[in-house]
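The values are calculated or read from the model by the stated rules, or taken from the named source; none is laboratory data. Treat the numbers as computed from the prediction; the structure is a model and nothing was measured. Cβ sites come from the backbone with ideal geometry, for glycine too, and all protein chains shown count toward neighbours. Surface accessibility is based on the protein's heavy atoms, side chains included, excluding ligands, DNA and RNA. Shrake-Rupley method; radii C 1.70, N 1.55, O 1.52, S 1.80 Å.
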Amino acid sequence: IKVSDLVDESFKRINQVDHKIKAFLTLNEENARQQALMYDEKFAGGEKLGALFGMPIGIKDNIVTQNIRTTCGSRILENFDPIYDATAVQNLNKAGTITIGKLNMDEFGMGSSNENSAFQKTLNPWNLDYVPGGSSGGSAAAVAAGEVLFSLGSDTGGSIRQPAAFCGVVGLKPTYGRVSRFGLVAFASSLEQIGPITRTVEDNAYLLEALAGVDSMDSTSANVKVPKYTESLTGDIKGLKIGVPKEYLGEGVSAESRNSVLEALKVLEKLGAKWEEVSLPHSKYALSAYYLLSSSEASANLARFDGVRYGYRTDNAKNLIEMYKNTRAEGFGDEVKRRIMLGTFALSSGYYDAYYKKAQQVRTLIKKDFEDVFEKYDVIIGPTAPTPAFKLGEKTTDPLTMYANDILTIPVNLAGVPGISVPCGFAGGLPLGLQIIGRHFDESTVYRVAHAYE
Ligand code: GLN
């Protein structure tokens, strides 16, 4: 098989299905085809090529790509062409992937259904009446629909794992610091990571090998050795200790999600693992702490979109202040404005101690909950989301019910540990996800368990 055939297949499939799924915001067709020919020539010439050479990939639209439009799902960046590649994209290019296009998302990553994109609503490939999840809904749907072999997403509070679960694919949020965030347009810098979305755990491990590592352009990227993740896919989990938090199977979690996890645990037991119920007692405060902290960080990070430096600028202004105001009023959508207001309030003097500082303290307690469990257990397992995918429009009128969908993924971001979602059965024709959470920088064990289960 030739690389140009692979790339051709990808565009063929996009032509067939993307008018229904609506996963792509921008296609990179001409460049991709040229690159494919170049790889075919190099291969024919016997040149040594990267581990992922010729593999068609889609990239979430908040990860900057040189000369390929990067919108973050927002009007304010509708015509933004970055002048450089994110480190994650550079690393993939080195490994030889071919960027097919940019994938739809909730505006600046704020959402759980893709309905907050300023441009289009991506639909769930399993059933077009349902959402694909979010915010990396385009990335998960494109892989599930076979438009690309794999994609990049980003996960601030569940945005890789929840859409992976809803679309029946594999999605990993790496340990905080594992993958460089340089070139990831910041929403909540202390919580988010770029990560791979794939069909299989093995593909996912290959991608992380290419993505991971310290980067001088991101001071929060960690100088920790990157193992060969693919070598951990042994199938052997004998003696492995699994903690199952009672908070992850309790109130608010649907019977289907709970039962699918219990079935998965049986499979893992047969393979020689043991599980016990554990507790993450501060989980009930995670949602409140997350929305305070992430909105506070967003209010600061999004200050840069002022009509001067990037993207959209209003035509309707008589002076500088009016230009700032109207650019932001016209450029941002409702959810983004809601979060900027919440974050600005939480950070303002007089309220800072009561909200932001309190939320930071809660975050420390949540991190400690995980550390306590990981003293005795190798991984923590639960559902990825409380329910399978929901219907389009079902949660758009009440932002709080939308926020509640992230209850099982958010604690992982607050603690900074790695978590993966792997397909775990179906309910009503829609996929369910199993979430496997590991110790800091122990993606190897997470992959080992995920692969043994898969
Ligand atoms: N749905 C969550 C939010 O809206 C998580 C988003 C994300 O991980 N980017 O904040």
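Of note:
- In a simple Cβ point-charge model (Lys, Arg +1; Asp, Glu -1; nothing else charged), segment 87-174 has a dipole of about 280 debye relative to its Cα centre.
- Ligands, DNA and RNA aside, HIS19 has an accessible area near 120 Å² when probed at 1.4 Å.
- Helix-only [θ]222 nm of the chain, DSSP H runs n ≥ 4, -39500 (n - 2.57) each, per residue, nearest 500: -11500 deg cm²/dmol
- Computed FRET value (nearest 0.05) for THR314 with GLN16, which takes r as the C-beta separation and R₀ as 41 Å: 0.55
- Averaged over residues, the count of other Cβ atoms within 10 Å places the peptides 157-164, 66-73, 366-373, 96-103 in the sequence 157-164, 96-103, 66-73, 366-373, highest first.
- Qualifying trypsin sites (Lys or Arg not before Pro) in segment 294-331, DSSP loop, other Cβ atoms within 10 Å at most 10: ARG309, LYS318
- Residues of the chain: accessible area per residue with a 1.4 Å probe, Å²: 40 Å²
- Carbon + sulfur, % of accessible area of the chain - ligands and nucleic acids excluded, 1.4 Å: 52 percent
- Label-reachable residues, segment 220-247, where backbone N falls under 14 Å from a point 7 Å from ASP372's Cα toward its Cβ: 245-247
- Cβ-Cβ FRET estimate between GLU9 and LYS121, R0 fixed at 30 Å, reported to 0.05: 0.70
- Relative to the Cα centre, the charge distribution of the chain, modelled as +1 at Lys and Arg Cβ and -1 at Asp and Glu Cβ, gives a dipole magnitude of about 540 debye.
- Placing dummy labels 7 Å off each Cα toward the beta-carbon, the span from GLU322 to SER349 is 3.1 nm.
- Cross-linked pairs LYS173/LYS367; LYS94/LYS225; LYS337/LYS357; LYS367/LYS395; LYS121/LYS173; LYS60/LYS367: Cα-Cα separations exceed 25 Å for LYS367/LYS395; LYS60/LYS367.
- Per-pair calculated FRET efficiency, R0 = 22 Å: ASP398 and ASN259 via Cβ, rounded to 0.05: 0.20
- Positive-end residue, segment 112-231 charge dipole about Cα centroid, Cβ charges, pick of TRP126, LEU208, SER136: LEU208
- Applying the Kirkwood pairwise sum to the alpha-carbon positions of the chain produces a hydrodynamic radius of 21.9 angstrom.
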